[in-house]
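Encoded as structure tokens, the structure appears first; notes follow it.
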Amino acid sequence: MNPVYTQAKFINSSPHLKDTPPDQGMEVAFAGRSNAGKSSAINTLTRQNALARISKTPGRTQMLNFFEINALQRFVDLPGYGYAKVPLAVKKQWHELMETYLTSRKSLCGIVLVMDVRHPLTEFDWQMVEWCEHTGLPLHVLLTKADKLNYGAAKNTLLQVKNELKEANFPLTIQLFSSLKKTGIDEVHKALDHLFNPVEQDQSEISTPS
């Protein structure tokens, strides 16, 4: 476990890019559907119970939420998408905010795409995968809520997702994760180490951190 991630602290929430922290250093953004367990994953990998706000109502993350790891590294919790029961105009606003951030943020160095292991590779997930492939931005796929399936079924889903993404031509890693059981934390930390400190690797490689 890399203890640096447990030192993360909340900086600010912003509905506009103009109110975000200075665009310098390096940022890893967490993306995913509103009910995929994104905030829970952030709390678990930082060993903090309330760093990212969790709600029983999906869609609570409605702004760009910034967390400082150190002076040069940050996490960004992107608005959840696709499930929240909010007006279409609001969903459109969230989508535009995400798109603007993803296309213009110079400090963005990688994406953690959070998917519910029971419902992987939704339309939104594919959009994020295709965007990362188009830009060459490294992607780490986190199959959350692995505790909801038995071990065999979870591993089968992992292999299935790997197979569907095997043609990807950019840095991509995939793993199982459970916030409830606290499993997969070390693997996430290793993946984050690579996102913040990229190393030369086969861009077609899809692997699960060990």
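The values are calculated or read from the model by the stated rules, or taken from the named source; none is laboratory data. No experiment lies behind these values; they were computed from the predicted model shown. No Cβ is skipped: glycine too gets one built from the backbone with ideal geometry, and neighbour counts run over all protein chains shown.
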Legend entry - Sole residue being basic (Lys, Arg), within 22 Å of SER179 (Cβ to Cβ), at pLDDT 90 or above and surrounded by fewer than 22 Cβ atoms within 10 Å (Cβ to Cβ), chosen from ARG105, ARG118: ARG118
Legend entry - the range 1-21 residues that are touching a residue at least 12 places away in the same chain (Cβ under 8 Å) and in a helix (DSSP H, G or I), paired with ones that are surrounded by 16 or more Cβ atoms within 10 Å (Cβ to Cβ) and among the hydrophobic types (A, V, I, L, M, F, W, C) (beta carbon under 7 Å, 6 or more apart): VAL4/ILE69; TYR5/LEU45; TYR5/ILE69; TYR5/LEU192; GLN7/ILE69
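State which residue is surrounded by the most Cβ atoms within 10 Å (Cβ to Cβ) when the search covers only the range 130-165 and only residues that are of a type in the set (Ser, Thr, Tyr) and part of a helix (DSSP H, G or I).
Pass one, the range 130-165, residues of a type in the set (Ser, Thr, Tyr): 135, 144, 151, 157.
Next, from what is left, pick out any that are part of a helix (DSSP H, G or I): 135, 151, 157.
Values: THR135: 14, TYR151: 10, THR157: 20.
Looking at residues that are of a type in the set (Ser, Thr, Tyr) and part of a helix (DSSP H, G or I), I get THR157.
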Inset, instruction - Please find, within the range 181-197, the residue that is farthest from ASN49 (Cα to Cα) out of those that are crowded, with 17+ Cβ neighbours inside 10 Å and of a type in the set (Val, Ile, Thr). - result: VAL188
Inset, instruction - Could you check, for the range 164-177, whether at least one of its residues is modelled with pLDDT under 95 and aliphatic (A, V, I, L, M)? - result: yes
Inset, instruction - Output the number of residues of the range 44-59 satisfying the condition of being modelled with pLDDT of 95 or more and either closer than 17 Å to GLN73 by Cα or in contact with a Gly (Cβ under 7 Å, 6 or more places away or on another chain) (or both). - result: 2
Legend entry - Residue, modelled with the highest pLDDT, within the range 178-210, restricted to residues that are aliphatic (A, V, I, L, M) and part of a loop (DSSP other than H, G, I, E, B): LEU180
